Amino acid sequence: MNRFQRSEVRGQRSEVGCRAALRPPPSALRPPPCSHWPARWLVPRQISFVTSCRARVGRVTPCAPRSADSFPNGGHGVTRPTTSRNLFVTIIVFVLPGLVLSGCAGYKLGPTNGLAARDKSVQVNPFSNQTMEPRLGDAVTEQLRKALQRDGTYQVATRNDGDIVVSGVITAYQRQEMSFVPSDILTVRDYRVSLVARVTARERTSGKLILDQPVSGYTLVRAGADLTSAERQALPLLAADLAKNVTARLADGSW
């Protein structure tokens, strides 16, 4: 080996030595333990559904995994149901249906007078009219029969053979001012029209008086250019309200 070759070999050895000197030790390449990580490497994570306690978890996990028992809410970030959550679910599943059923204990389907539906029949005689307003008796009689059919507590007898005979006398027809035109306080805009009838109900076989009391009904009428025509058009609504009240008294009574 000549002088030039020895110089080249010496230079390569010097370069390798410099690289070895600049290389960090193996211990410096290992990441520090989890407990020594800087705060900027960590992110918050909620560990429970029912608590505001928070833990800090690193972006990477070079440490050895721990057992599931060491985590308060389960291993690998899986949350376990807590005692409060289990209690809430128990209340929803078992207690709430019981409260709903107990609240409905006072209600029942069908008639409220202790009889089976359509066990007895009702005969509705034409109502007599003692007022000056025409066509009231026919309207009330027709609407009462329709209301009894819709209610279903009794059968409506059509051949004068009902177990209960209902009759009535229309005693009053009243008109009362309800509202006025804003621009003219002397001009009525709406009327409250009311109707009063004395209703009686008797058992056909025994003649026992079941119902004997005044029953009323009302409706609103918008006054226009022709008040008489407006009241005539509102007559079915007025008779239907009276028939509804009579049906309620017949259905709720105990015979």
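Taken together, the values in this text are just the output of simple stated rules run on the coordinates, not laboratory data. This structure is a prediction, so every number in the text was calculated from the model and none was measured.
Applying the Karplus relation 6.51 cos²θ - 1.76 cosθ + 1.60 with θ = phi - 60° to region 210-222 yields 3J(HN,Hα) values of 8, 9, 7, 7, x, 10, 10, x, 8, 7, 9, 10, 7 Hz, where x marks Gly and Pro.
For Tyr154, the amide hydrogen comes within under 5 Å of the amide hydrogens of Arg118, counting only partners 5 or more places away or on other chains and with H modelled in the peptide plane.
Remark on Ala223: its backbone amide H falls under 5 Å from those of Asp190, Tyr191, a criterion applied only to residues 5 or more positions apart or on other chains, H modelled at 1.01 Å from N.
Residue-wise HN-Hα couplings along region 244-252, as the Karplus relation 6.51 cos²θ - 1.76 cosθ + 1.60 with θ = phi - 60° gives them from phi, are 5, 5, 5, 4, 4, 5, 5, 6, 8 Hz; Gly and Pro carry x. Applying the Karplus relation 6.51 cos²θ - 1.76 cosθ + 1.60 with θ = phi - 60° to region 122-130 yields 3J(HN,Hα) values of 10, 10, 9, 7, x, 7, 8, 10, 9 Hz, where x marks Gly and Pro.
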